[in-house]
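A.B. asks: Once you've had a glance at the structure underneath, I'll fire off some questions.
No lab work stands behind these numbers, since they all come straight from the coordinates. Here the structure is a predicted model, which is why all the values come from computation and not from measurement. Quick reminder, even Gly has a Cβ in these numbers, built from the backbone with ideal geometry, and neighbours come from all protein chains shown.
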Amino acid sequence: MSDQLSRRAFFAFAAAATGAVIQDTVRAGRVYDPERAGHPREPITAADNDAGIQAVEKKLRCTCGCGLDIYTCRTTDFTCTYSPALHKDVLRLAGQGKNAQEIVDAFVKQYGEAALMAPPKRGFNLAGYFVPSIVIVIAGAFLVRAIRRWTREAQAQAPAGATLPPDATPAELERLRRELDRLDA
Amino acid sequence: MTLLGSLSLWLAFLVGLWGAITGFAGGAQGRADLQQSARHATFALFAALAVAVICLEIAIFRHDFSVQYVASRTSRNLPTFYLWSALYSGQEGSLLFWAAVLSLFGVLTQVLTSRRHRIYLPYVAAVTCLVATFFVSVMLFAANPFQRLPFTPMDGSGMNPQLQNPGMVFHPPMLYLGYISITIPFAFAIAALLTKKLDAEWLVAVRKWTLVSWLFLSVGLLIGMWWAYVELGWGGYWAWDPVENAALLPWLVMTAFLHSVMVQEKRGMLKKWNLALIIGAWVLSIFGTFLTRSGVISSVHSFTQSPVGYFFLAFLVVTAVASFTLYATRLPLLEAEATLESMVSREAGFLFNNLLLIGIAFSVLWGTLFPILSEAVRGTKITVGPPFFNQVNIPLGLALLAMTGVGPLIAWRRASLANLRRQFAVPATSGVFVLLILLVAGMRDVGALMAFSIGGFVLGTVVQEFARGTRARHRQYGEVIPVALVQLLSRNRRRYGGYIVHVAIVMLFVAFAGMAFKTETQATLRPGETATLRGPDGHVYSFTHLGISQYNALNRQVTAALVEAQRDGKPIGRLRTEKRQHVDALGRPTFEPSTEVGIMSGLRVDLYVVLAGLVNGTEQAVFRFTINPLVWWVWFGGFVLVIGGLIVLWPGGVVVAVKGSKSSPAQAGYAVKLEAER
């Protein structure tokens, strides 16, 4: 009887000890003052790391005023309360079976075009995208035209056959040519 | 001290006004007494503003919280290192810093300018005094750093934790030095317009000042990028923020000037263009200041919205209109002395380089202002973020990078087909070689492929230039190759220093392109647990959470996570990332907890670890692990850029001839032997 009891006590103790060890390895210890570490965080889920979700969030602006996209804000500014909520909205919409464009459209419907990190390419926004290129192309065309005009003027002003510097003798020019050839060799 | 500070500001205001009036009047009437008075006013202005700066610093170091600025920016336990930077961490103090540094530049200009440029100095004194007086008037009437509180708090509010970083001690002064010193070339340009002495002399006077300004602005931008990378924690260094853009605009315009000025020096062309660039760079610097301080566009960098913006807007409009009106009246005096002889010439190359630089500046300005325009036209608020700027500017940037390699290969005046073939063979081969290597290695990102291969082309150009020059010296003077290389560089610092800057630009572009391959993941780890991530360099990196510790340090309570990093299973080091709760002298929390990033920097990749927070107050922590490729090359490229800039700036070497000036004739590169034989 007493043998049985002691055996039971041994197994009970062993089970408790094993449980305690397992618990220690599973649970992390509490830190001294959790308040110092900022807002408590929820564990990361597979959806948080989903490339598709991240791609959508990188197109959408956080509404906290930071100027960052939702993904960057929620993984950078850990004091922001907006980006985690917006992230949950994205996850909810994705969970409803919406594709990337539909999620973006839902955000635009709710927050306006300012929800996008870059304006959509339509209407007046086209000016935003294409005016710089158009201006540069027009300026480039003017520049090419001006250079052509200048070169024509230069050719007209130059005396016929005066391609050589007037103060250079043939011997000097030959020496110059030799030097340049040697340098480039 | 505050009384003395306020009196100094009023004195600076009056002296500055006097300097402006006597400078303009003395220059116009040719009266030596007025000119001398303007010069003395510049010195007095600096003295008065220096006293004001000292007064504010004394108030900061003595913790005089009866001064509003001191109470709102500092606290008793703020580390001494940051007490100094508190001077420019807020609106009022930074205005004082700006005005004081400008007055110092004004003094240096008066003292260091050579005798042959003395004719410009009264007007230069007038312009610097006028601009400094404007800044002083803003302080006196809208943002007084010596404003007192009706009561004296026990402690101040402290400094924003993100500003408590070494980068923020050096970034604002460097950026301000760049911004502020643009006033000096601008002042010389105005002086040249007013005196009608528009030959190449004024160029000689402003060229070095422009380079100084460009160098400071470059360093300011680079330190700002470094600060954003190590402090803000988003894993990047450039976000196309409106205030970043505002600093980039004058840099681009000055870069254009530093190139096109060579055409004026060599050929007496582009006079109108160069003057317009200098005026434009200065106007853009004031525009950037307006953007930062008005709150007209939301930005993480902006100072709080204040009436200061209206002052800057008015100043911007008045000075821009006055400057360009004066410029327009002098256009007939700015006719070119020569004309372009060929589309395929160095001069034309510089023109296309300028087209791209100004085109990028325009697109950045356009993108920055487009939200305002959209709201005005459509009544709809929109966001213009990095995707927009990247889409518009990356092609232009790549074209500009290509021009960096093309420009030095084309001869002045006219390039023959044989010359082009000879010049382009090595660089083009080098670019194609890089492209093929990367394609074989499996790279498929078009933008990165173009950046790397064009980078290879530009490096080929620079190496060819150095090799030819060195070989020429070796043959001519019998110098051993290393000596020949050093001599080549020291004999023509401007040309070869410029090539070193080009190498730095290649490094920067390659590093920027590398960011296309960054990888990252988030993970929740208990002590002992590991997260793995494949890097863009093909290695597998693992991060093991070693534990959390909490301790007090200086003015903050720290929660630190230690992470061991391994590459392909082999330990490579440990990273520490922190949460910092800043507290006041009584131990009360002052700001929201901030994050300190753990970075292990390498030539190929940076390991970048951020502690997002703890789960339920336990050691189970949420991390973000990022592997950033080639970031080290941004900082090294910046270092090389500064070295190249300093070589260009360093006095001595061969004096470069300026067309129309009385300087010695230019002899450089291929001309060395012919000159020696003469």
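A.B. asks: Output ³J(HN,Hα) for segment B:606-621: one whole-Hz value per residue in order, computed from phi by the Karplus curve 6.51 cos²θ - 1.76 cosθ + 1.60 with θ = phi - 60°, and x for Gly and Pro.
C.D. replies: 9, 8, 10, 10, 10, 7, 6, x, 10, 9, 6, x, 9, 6, 5, 10
A.B. asks: Find the all-direction average of the projected area of the Cα convex hull for segment B:451-501, expressing the result in square nanometres with one decimal place.
C.D. replies: Details: hull surface 13.9 nm².
Approximately 3.5 nm², given one-decimal rounding.
A.B. asks: Using amide H atoms built 1.01 Å from N in the peptide plane, name the residues 5+ places from B:LEU149, or on other chains, whose amide H lies under 5 Å from its own.
C.D. replies: Amide H neighbours of B:LEU149: B:VAL67, B:GLN68.
A.B. asks: Then there's this: How big is the charge dipole of the protein assembly as shown about its Cα centre, in debye rounded to the nearest 20, if each Lys and Arg gets +1 on its Cβ and each Asp and Glu gets -1 on its Cβ?
C.D. replies: 1940 debye
A.B. asks: Is there a quick way to get the dipole size of chain B? I mean about its Cα centre, with the Cβ of Lys and Arg at +1 and of Asp and Glu at -1; what is the value in debye to the nearest 20?
C.D. replies: Details: 52 positive and 32 negative charges, 410 e Å.
With only Lys, Arg, Asp and Glu charged at Cβ, the dipole is about 1960 debye.
A.B. asks: Further, regarding this structure: Could you tell me which chymotrypsin sites (Phe, Trp or Tyr not before Pro) in segment B:149-209 are loop residues by DSSP with no more than 16 other beta carbons within 10 angstrom of their beta carbon?
C.D. replies: The qualifying sites are B:PHE151.
A.B. asks: Please list, in chain and number order, the residues 5+ apart from B:THR618 or on another chain whose amide H is under 5 Å from its amide H, with Hs placed from the backbone.
C.D. replies: A:VAL31
A.B. asks: Residue by residue through segment A:86-102, what is 3J(HN,Hα) from phi via Karplus (6.51 cos²θ - 1.76 cosθ + 1.60, θ = phi - 60°)? Round to whole Hz and write x for glycine and proline.
C.D. replies: Calculated HN-Hα couplings, in order: 5, 4, 5, 4, 4, 4, 4, 5, 5, x, 7, x, 6, 8, 4, 5, 5 Hz.
A.B. asks: From the mean inverse distance of alpha carbon pairs (Kirkwood) and the Cα radius of gyration, derive Rg over Rh for segment B:304-391. Intermediate values should be presented prior to the final figure.
C.D. replies: Values: Rg = 19.1 Å, Rh = 17.2 Å.
Rounded to two decimals, Rg over Rh is 1.11.
A.B. asks: Can you tell me the Rg and Dmax of segment B:481-545, counting just the alpha carbons, in angstroms?
C.D. replies: 21.6, 62
A.B. asks: If you don't mind, another one. When the helix-only estimate is applied to chain B (DSSP H runs of n ≥ 4, each -39,500 (n - 2.57), divided by the residue count), what is the mean residue ellipticity at 222 nm, nearest 500 deg cm²/dmol?
C.D. replies: Numbers: 20 runs with 410 residues, N = 678.
The helix contribution divided over chain B gives -21000 deg cm²/dmol.
A.B. asks: How big is the protein assembly as shown by the Kirkwood estimate over distinct Cα pairs, in Å?
C.D. replies: Numbers: mean 1/r = 0.0331 Å⁻¹.
Averaging 1/r across every pair of different Cα atoms and inverting gives 30.3 Å.
A.B. asks: Over segment B:1-159, what number does the Rg to Rh ratio reach, with both radii from the alpha-carbon atoms and Rh per Kirkwood?
C.D. replies: Details: Rg = 17.4 Å, Rh = 16.1 Å.
Radius of gyration relative to Kirkwood radius: 1.08.
A.B. asks: Now for a different question. Quote to one decimal, in nm, the extra length available between B:LEU3 and B:GLU592 on full extension: 0.36 nm per residue of separation minus the C-alpha distance between them. Mind showing how you got there, number by number?
C.D. replies: Working: separation 589, 0.36 × 589 = 212.04 nm, distance 3.51 nm.
Stretched fully, the B:LEU3-B:GLU592 segment lengthens by 208.5 nm.
A.B. asks: Rounded to a whole number, what is D in µm²/s for segment B:518-632 from Stokes-Einstein with the Kirkwood radius over alpha-carbon pairs (10 °C, 1.306 mPa s)? Show your work: numbers first, answer last.
C.D. replies: On the way: Rh = 14.6 Å.
In µm²/s, the coefficient is 109.
A.B. asks: Give the relative contact order (percent, whole number) for chain B; include only Cα pairs under 8 Å separated by 6+ residues.
C.D. replies: 11 percent
A.B. asks: How about segment B:395-497: which trypsin sites (Lys or Arg not before Pro) there lie in a loop by DSSP and see at most 12 other Cβ atoms within 10 Å? If you can, show how the numbers build up before the last one.
C.D. replies: Values: sites: B:ARG413, B:ARG414, B:ARG421, B:ARG422, B:ARG444, B:ARG468, B:ARG471, B:ARG473, B:ARG475, B:ARG491, B:ARG493, B:ARG494, B:ARG495; in loops: B:ARG413, B:ARG414, B:ARG444.
Passing sites in segment B:395-497 are B:ARG444.
A.B. asks: Further question on the same structure: Could you work out how far the C-alpha centroid of segment B:88-147 sits from that of segment A:41-65, in angstrom?
C.D. replies: Spelled out, the Cα-based centre of one part sits 47 Å from the other.
A.B. asks: While we're here: Cα-Cα over 25 Å: which of A:LYS88/A:LYS121; B:LYS381/B:LYS518; A:LYS58/B:LYS570; B:LYS197/B:LYS266; A:LYS109/B:LYS381; B:LYS197/B:LYS272? Walk me through the numbers before you get to the answer.
C.D. replies: Working: A:LYS88/A:LYS121 27 Å; B:LYS381/B:LYS518 31 Å; A:LYS58/B:LYS570 34 Å; B:LYS197/B:LYS266 18 Å; A:LYS109/B:LYS381 13 Å; B:LYS197/B:LYS272 13 Å.
As for pairs spanning more than 25 Å Cα to Cα, those are A:LYS88/A:LYS121; B:LYS381/B:LYS518; A:LYS58/B:LYS570.
A.B. asks: Projecting each Cα onto the charge dipole of chain B (Lys/Arg +1, Asp/Glu -1 at the beta carbon, about the Cα centre), which of B:GLY397, B:THR183, B:LEU351 comes out farthest on the positive side?
C.D. replies: B:LEU351
A.B. asks: A follow-up question, please. When only alpha-carbon atoms count, how far does chain B stretch along each of its three principal axes, as whole angstroms with the largest first?
C.D. replies: 81, 70, 58
A.B. asks: While we're on this one: Please give the length that would be gained between A:ASN49 and A:GLU102 if that part of the chain were fully extended, namely 0.36 nm times their separation in residues minus their C-alpha to C-alpha distance (nm, one decimal). Kindly include the intermediate steps, with their values, before the conclusion.
C.D. replies: Details: separation 53, 0.36 × 53 = 19.08 nm, distance 2.00 nm.
Gain on stretching A:ASN49 to A:GLU102: 17.1 nm.
A.B. asks: Now, a different point. Can you work out ³J(HN,Hα) from phi for every residue in segment B:334-351, in order, using Karplus 6.51 cos²θ - 1.76 cosθ + 1.60 and θ = phi - 60°, giving whole Hz and x for Gly and Pro?
C.D. replies: Whole-Hz 3J(HN,Hα) from phi for segment B:334-351: 10, 6, 5, 8, 9, 10, 5, 9, 7, 5, 9, 8, 4, 4, 5, x, 5, 5.
A.B. asks: Magnitude of the Cβ-charge dipole of segment B:1-159, K/R +1 and D/E -1, about the Cα centre, nearest 20 debye? Display every interim value, and only then the final one.
C.D. replies: Working: 9 positive and 5 negative charges, 93 e Å.
Once rounded to the nearest 20, the dipole reads 440 debye.
A.B. asks: Between B:GLY498, B:ASN419, B:VAL67, whose Cα lies farthest towards the positive end of the dipole of chain B when Lys and Arg beta carbons carry +1 and Asp and Glu beta carbons carry -1, centred on the Cα centre?
C.D. replies: The residue sitting farthest along the positive end of the dipole is B:ASN419.
A.B. asks: Going through segment B:227-328, which chymotrypsin sites (Phe, Trp or Tyr not before Pro) have at most 15 other Cβ atoms within 10 Å and a DSSP loop state?
C.D. replies: Numbers: sites: B:TRP227, B:TYR229, B:TRP234, B:TYR237, B:TRP238, B:TRP240, B:TRP251, B:PHE257, B:TRP273, B:TRP282, B:PHE287, B:PHE290, B:PHE303, B:TYR310, B:PHE311, B:PHE312, B:PHE315, B:PHE324, B:TYR327; in loops: B:TRP234, B:TYR237, B:TRP238, B:TRP240, B:PHE303.
Sparse-neighbourhood loop chymotrypsin sites (Phe, Trp or Tyr not before Pro): none present.
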